[in-house]
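Each remark here refers to the structure printed beneath this line.
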Amino acid sequence: MRTEGRIYLVDAHAYLHRAYHAMPPLKNAAGEPVGALFGFAKTLLGLIRREKPDYFAVCFDAPGPTFRHKKFEQYKATRKPTEPDLKSQLKLSRELTAAMGLPCAELSGWEADDIIATLSRRAVAAGLEVVVVSGDKDALQLVGGPVKVLNEAKGVVYDPGRVSEKFGVPPERIVDYLAIVGDSSDNVPGVPGIGPVGAVKLLIRFGSLDAVIEAAKKGDPAIPAKAAASLRENEEKVRFGRELVTLDADAPVPLEVSSCRLDFRPRPELSGLLERFEFHSLRRELGVGAAVPAVPAKGAEPAPSALKIVPAKELLKAAAKAEVFGLEAAAAEGDLLDAGGCTLALALPDGRAAHFGTAELRTHRAALAELLSGAALKCAYDLKDAGRLLSSAGLELSGPVFDCRLAAWCLDPGRERLDLHALLGSRPGPQLEEKPSPEARAAALPALAAALRADLEAGGLLKVYEGLELPLIAILADMERAGIALDVEYLQGLREEFAEVLSGLQKETDALAGCETNLNSPKQIGELLYGKLGLKPFKKTKGGAASTDEESLQALAAEHPVPAKILAYREVAKLQSTYVEGLLSKVSPSTRRVHTHFEQTGTATGRLSSQDPNLQNIPVRTPLGQKIRRAFVAGKGRVLLSADYSQIELRVLAHLSGDPALRAAFSGGEDVHRRTAAEVFGVKEAEVTREMRRRAKAVNFGIIYGQTPHGLSRELGIPMAEAKDVIERYFARYKGVKTWIEKTLEEARREESVRTLFGRVRRLPQINERNFNVRSFTERAAVNTPIQGTAADLIKAAMIAVHAGLAKQAGGKARLLLQVHDELLFELPEGALEPFARWVKGEMEGAVRLEIPVLVDLKAGADWRDMEKRS
């Protein structure tokens, strides 16, 4: 019987060996080594998720000798004994694979390669494409026709052309090639004196091993005399070697291809194995226990029905009785806050959909208003954007809602793509066309929403989604509509001031350099610094050129005054272009306010981001940066109030780590940096100098971001050895912090994810990477995310608490304008400042209870720069 599709045949032992050497030596609580098992299982899941095979089989080497050992006792005798930790995991690997519901094959007396060769032959006969997943060069002899070899470690797929390119001979000559050159790992002898280059030349010239041997016997002048003699002397060995490397494609493998269809159904015993190995992230991926299934079982999700366009009136009548529907809104004209209305597509789970243009929106306004605020679940891809567009058309979206984009981000905030195509493409079922209609997009949403909600619930993320993120949508929409006032005349004056500063810095730099240079051109700056001035480059770019980035200029500033001038010029130029010009271009002519867009799904830690314009990066540390803040003002008769969580990330660290010394500093209301300096440098707090406190502060905050001795050395301008000593002293005193970091990293390596105090998850699939730089970056993220993510969750909880009571404060005239990391910025009537400030402080400090005090610092003023502290 002919069939269609692809089968993936995996060489289990090759991947177990790779996982063993690539993974850190992970052990469970009982002391069993489990790193290779974990890496192997993740490899299998990644392969299935990425390639989506129709058929799948994992092939194992059986214990004991094979038919090759019977032919040649010294077969593989040169290999080192298998490490005990790996050996114990090899025994468990088949049990784990079978429990995962994956077809397995093992045959006493044959190797996994022979099983693969046999199943490959059978699969080709059944009409399947075959992908052999192996890093073993012996497998390349199988390549040809519908058979390819995937070396996943190198990311290479071998077809006949790629084999010839790599080895110089086609796949059908690989066994001849290996017989001539030998294989030290398998103890296959080969022909002494003939290496890979010589073997390729002989096989190209004569076509096969048999022909090469015959030519050597006849004394063919094309074969060097020594090589010919070696071939004649070792004829029996080389023919025997070919037998050893030739795979047996007729092994009595009991597993049939028809039994290899991938039907991802983990067995009941898997739960116990994963619990024993402490593979909690795999429990989530496989849907065992509390899980977020990264590889959903086929048929696990409700599939959208075929799209059927119906008249708007008919759709509205059916939707009035529906429990759920999808919606897709698009701008009719204009954009953002000046949009002149919208168009709307609505779709039911059965595939019926309708388009509502401006005419239909007017005709059916009453019915739509009732539907959009009714009890049915409204599923959208971006609720905030949909709500804004509907509002521009005089319609409000309320009642039960579901945001597919937001849900997908909660499940995996680090995923590269969150567009609807990508979300649907990562799951089984119908896919969207390249440019789908709004009706097609709306029709895909109900089924996708059902699947995403199930994943949220299974992964323990429903609380984050429903308790934090979903309520935040309306709050952010209100903040975007409110905007913040700008002093336009002040900004215009600042533009002229900065232009004069830039002109002066250009002239000063030209005078110091003795020539004119375009300070906006990195190329000309490089020629100036490294050509004319002869400075030694601090580092190079990826392209090999001498770098002129900020780090390089700071390093060079100690050697010559020009780099410092360039740095100053760049600071002012950035302020001028990004903030002065940028803000002036975004101010609304009618309201003289800027209306930023808050992005909920823009970071992996849970923090909000802001764009168009970005108001979360307004400079604060330099005098020139402070001038930008002065442009943000309160309206007439009103005042700005800033409510800022005090050292919240350090407080979160104290809570999570349970370190008694760090907790004591916060509980006692002490200056935590001074206390840390006293602890680290072994002096009384009264004896702590400003420099000691500066170093302690750098370490306190550096710990959160994985500060290294190199980084601390550069930040403080101290020798590396001294920076290392400061960090070691810190950990010697704050042992609870060190223990928490070690425990967090251990858990992250095992789970390949971390969670915040609120349960928000961040996936870290690269935490066990072999590449040092990639692994180190991910380890820093593993430590930082529970801290920064918890702080982000905390201020979101505070925003929700404040928003709930905002209408009852300050006569209902107070507005939340901005959220900038740990700070909330309000605008309210001047006369209501004192009671409102007390209320906000109480709400924010009580939003979430930590085991140490949470404090909020208050400041108020007519603009965002000139603010006075409030008690």
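The values are calculated or read from the model by the stated rules, or taken from the named source; none is laboratory data. For clarity, every value in this text was computed on a predicted model and none was experimentally measured. With ideal geometry, Cβ positions are generated from the backbone for all residues, glycine too; neighbour counts draw on all protein chains shown. Please note that ligands, DNA and RNA were not included when accessible areas were found on the heavy atoms of the full protein model with its side chains. Shrake-Rupley method; radii C 1.70, N 1.55, O 1.52, S 1.80 Å.
Annotations
- Radius, Kirkwood style, for segment 654-695 when every pair of distinct Cα atoms is counted (Å): 10.5
- Beta bridges per DSSP with both ends in the chain, % antiparallel, nearest 5: 65
- Amide H contacts under 5 Å for Cys379, placed H, 5+ residues apart: Phe325, Gly326, Leu327, Phe402
- Positive end of the dipole of the chain (Cβ unit charges, origin at the Cα centre): among Gly635, Ala862, Ala123, the Cα lying farthest that way belongs to Ala862.
- The apolar share of the surface of the chain, taken as the fraction of accessible area on carbon and sulfur atoms (1.4 Å probe, ligands and nucleic acids excluded), comes to 51 percent.
- Semi-axis lengths (Å, descending) of the ellipsoid that matches the C-alpha gyration tensor of segment 403-494: 34, 19, 12
- Between the helical axis of 772-805 and the longest alpha-carbon principal axis of the chain there is an angle of about 40 degrees.
- Rounded to the nearest 20, the size of the Cβ-charge dipole of the chain about its Cα centre is 680 debye, with Lys and Arg at +1 and Asp and Glu at -1.
- Accessible surface area normalised per residue over the chain is 45 Å², counting heavy atoms of protein chains with a 1.4 Å rolling probe.
- The share of C-alpha pairs in the chain whose separation exceeds 46 Å stands at 44 percent.
- Over the chain: helical MRE at 222 nm, DSSP H runs n ≥ 4 each giving -39500 (n - 2.57), nearest 500: -14500 deg cm²/dmol
- Over all other residues within a Cβ to Cβ distance under 13 Å of Glu722, the charged ones net out to 0, with Lys and Arg as +1 and Asp and Glu as -1.
- Cα shape, segment 620-666, gyration tensor, a/c 1.5 rule: prolate
- Distances between placed amide hydrogens fall under 5 Å for Val856 paired with Ser646, all partners being 5 or more residues away or on another chain.
- Solvent-accessible surface (1.4 angstrom probe) belonging to Tyr465, in square angstrom, nearest 10: 0
- Gyration tensor verdict on segment 442-586 (Cα atoms; rounded if a/c is under 1.5, prolate if a/b is larger than b/c, oblate otherwise): oblate
- Here segment 172-273 is treated with +1 on each Lys and Arg Cβ and -1 on each Asp and Glu Cβ, and its dipole about the Cα centre works out to around 380 debye.
- The peptide list 313-323, 195-205, put in order of mean Cβ contacts within 10 Å with the highest first, becomes 195-205, 313-323.
- Using only side-chain charges placed at the Cβ, +1 for Lys and Arg and -1 for Asp and Glu, the dipole size of segment 353-503 relative to its Cα centre rounds to 660 debye.
- Per-residue HN-Hα couplings for segment 417-423 [Karplus 6.51, -1.76, 1.60; θ = phi - 60°; Hz; x = Gly/Pro]: 10, 10, 5, 4, 4, 5, 4
- Cα-based shape type of segment 708-827, given that a ≥ b ≥ c are square roots of the gyration tensor eigenvalues and the cut on a/c is 1.5: prolate
- A straight chain from Glu433 to Asp419 at 0.36 nm per residue would run longer than the Cα-Cα distance by 3.7 nm.
- Neighbour net charge for Arg760 - beta-carbon separation under 12 angstrom, K R +1, D E -1: +3
- Each part gets one Cα centre, and for segment 240-267 versus segment 608-622 those centres are 59 Å apart.
- The distance linking segment 627-667 with segment 809-869 is 11 Å (Cα centroid to Cα centroid, whole angstrom).
- Cut-off 13 Å between beta-carbons: net charge of the residues surrounding Ala30, Lys and Arg +1, Asp and Glu -1: -1
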